[in-house]
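Worksheet for the structure shown next.
What follows draws every value from the coordinates through simple rules; no lab data is involved. None of these values were measured; they are calculated from a predicted model. Please note: Cβ atoms are built from the backbone with ideal geometry, for glycine as well, and neighbour counts cover all protein chains shown.
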Amino acid sequence: MKTQIFTFLFSVLLGVSASSQVLISKTGGSPHVNALLDIKDPAKGLILTKTNSIGNFPLYNASAEDHFDDLPALEGALLYNKEDKQYYKYDGTVWIPALQLGGFYNPFETRTKASAAQNWTCVSVLGINTCALSQLFGSNNRQTIPVSNATSRPQLLVNNLNAQVGTDYIVIPAAGLYHISGVVGFNGTSLLGLGQDVSYWVNLDVSYDSGATWSTLAFKETSQSGGIFLDLGQSGNKSASVSSTITLPANSRIRLAAAVSTSSLISTYSNSTDHTDTFINVQRLK
């Protein structure tokens, strides 16, 4: 391969310091005006340093809160982790995965999916829908989504916060600032909607007394335009999401709840249990 190495080669041969740019290319050309090192090849890539696991990262310290020692001089370093198939960058205190959610070893991440489906069956009687009626009395036909404690790298399900996962809640392990997000995907069918919208509600609830009482942390309504006669639901095509950034004490609990509101003659819905459709994600920010 006729690879041309400009400037760098001359600097080495002449024994002088190089203060100009370096181009590595087999097609010639000039380095980009803003690049100190410019590598050009239409058919080949650049291979950087690789490691087999998070335990082999520089400055790894299992006893440190964030699993790494601090070294500001190393800020900007890059390393490829073969175990979760992605690059990490070092910010002077911790190695950060390129894909935050996909970082299987992100020490600040817990993500869990629904373990089972809840069902909503709504029937209209004398012009009053049972789902809408329940909303009038405040229950909002809301159901808590059960969650799984299973972990899976292919499904991006992790518990690196070492949080306790109950049947339908997650326990915050340590006091701190957290970003909490929840998504519920809905499947279902409505008959004779007469053009009325279907509303999907998602709540993030928090409890500070071990689940004795719950309060709403955040909620979101997503509407879907209803058909005149028949609405056929498809997996994953109807969803509602909600998120909140909040300071939480240790041992507080987080749960995900959902509800459906419709005026259709008859309808039935359930939440998806696919990990891409329904999940809770807890990330500790500080």
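Could you give the length gained on full extension between D41 and S20, defined as 0.36 nm per residue of separation minus the Cα-Cα distance, in nm? Before the final figure, lay out the partial values.
Values: separation 21, 0.36 × 21 = 7.56 nm, distance 2.09 nm.
In short, 5.5 nm is gained.
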Taking the highest mean first, how do the peptides 22-28, 172-178, 111-117 order by number of other beta carbon atoms within 10 angstrom per residue? 111-117, 172-178, 22-28
Quick one: of K113/K220; K44/K85; K85/K286; K89/K286, which pairs are farther than 21 Å apart, Cα to Cα? K85/K286
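With r as the distance between the Cβ atoms of A150 and A64 and R0 = 25 Å, compute the FRET efficiency 1/(1 + (r/R0)^6) and round to 0.05. Mind dumping the intermediate values first?
On the way: r = 27 Å, r/R0 = 1.09.
With a Förster radius of 25 Å, E is 0.35.
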